[in-house]
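First comes the structure, then the notes that go with it.
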Amino acid sequence: MLVRAPDHLGDGVMALPAIALLAAHAEVEVLAPGWGAALYRHLPVRVLPRELAFRRSFQAELAVLLKPSLSAALRALPARRRVGHPSDGRAWLLSESVPERDEHRADGLLRIACAALGLPFEPPALPSYPTGPADEAELPTDLPPDAVLLLPGTASAETVAWRGFPKLALPGLLAAGGPGDERVLASLGCRVLPTLSLPALALLATRVRAVVGNDSGLPHLATAARRAAGLSPADVHIVYASTDPARTGPPGSRPWPGPRPPCWPCYAKSCTIGAPCRDADPAALIEVLR
């Protein structure tokens, strides 16, 4: 079985229950971006670079397309069965089309996996990402006992990013991010950690008392890591701008909505009215974090 993972880290985390279900029933190869090997390391799957999609499709009995694009379906054409949502005008390329519903994206991804296996859809297990002692090496040894971790970056459009991170003047603040987050991290005025691997970032999220982030990849990872560690995912606070927690938010995290203009949620890449949804007042969140 060939599984085409989503391209964005947050979607990749939301796909964890779907890929775990598939791996419980078949030998699975997962085509994923560069973060795939680290994200899916605890699952019994073989992770391959997504660039191998076309070549591996010739050897696949079944291609499960968790990436919703037309290009993913085109590259999977050599597989005998191709299962996925009919998004991006690709219904004609699928052997089995799974209708999209008004539901959380994690549920939609699991629904594709159930259809591929011929199983009834049941309420999903929530994303979980275990960490362990082997991930300790990169962590700083001087974490304050009351640390709050800020994850202000996003690989999505700026319309996803909250503007209020620099206003979170609290003791024990730490900030971290990935490549490309340097500018936003420099604007915070708090301690910024060196770039960490995904497993180390996930472990770090279990060593702090709270996490604050956007509806983006690393906060999704932090929520899954805290769940796996038996900690409350509600201590991950997500400040929403153009996206909707009921559709794409990290399951179990605590939502903090910004202003909701009539166009919300738009999921647009740009905004012609100044993106007022990015201006949530930090006062209530500061009170909770004190």
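The values are calculated or read from the model by the stated rules, or taken from the named source; none is laboratory data. These figures come from a predicted structure and were not determined experimentally. Because the Cβ atoms are built from the backbone with ideal geometry, glycine has one as well, and the counts that use them run over all protein chains shown.
Can you pull out the residues in region 25-80 that are free of Cβ contacts under 8 Å to residues at least 60 places away in the same chain and of a type in the set (V, I, T)?
If the condition is that a residue be free of Cβ contacts under 8 Å to residues at least 60 places away in the same chain and of a type in the set (V, I, T), then V28, V30, V45, V47 are the ones that fit.
Considering only strands (runs of 3 or more DSSP E) fully contained in region 194-290, which possess at least 3 residues that are free of Cβ contacts under 8 Å to residues at least 40 places away in the same chain?
Ranges flagged: 254-257.
Here are E122, E158: which of them is touching a residue at least 40 places away in the same chain (Cβ under 8 Å) and over 18 Å from H220 (Cβ atoms)?
Residue meeting the stated conditions: E158.
Residues that are surrounded by fewer than 23 Cβ atoms within 10 Å (Cβ to Cβ) and of a type in the set (A, V, I, L, M, F, W, C): which helices (runs of 4 or more DSSP H) entirely in region 1-106 hold 3 or more of them?
In region 1-106, 16-23 are the helices (runs of 4 or more DSSP H) which contain 3 or more residues that are surrounded by fewer than 23 Cβ atoms within 10 Å (Cβ to Cβ) and of a type in the set (A, V, I, L, M, F, W, C).
Please enumerate the residues belonging to region 159-183 that are modelled with pLDDT of 90 or more and in a helix (DSSP H, G or I).
T159, V160, F165, P166, K167
Only one of these conditions is not met by G164: (1) within 20 Å of the chain's Cα centre (by Cα); (2) crowded, with 19+ Cβ neighbours inside 10 Å. Which number is it?
Among (1) within 20 Å of the chain's Cα centre (by Cα); (2) crowded, with 19+ Cβ neighbours inside 10 Å, the lone unmet condition for G164 is (1).
Kindly evaluate R82 against the criterion of being of a type outside the set (A, V, I, L, M), at pLDDT 95 or above and more than 30 Å from A225 (Cα to Cα).
Working: of a type outside the set (A, V, I, L, M): yes; at pLDDT 95 or above: yes; more than 30 Å from A225 (Cα to Cα): yes.
Taking the combined requirement at face value, the residue satisfies it.
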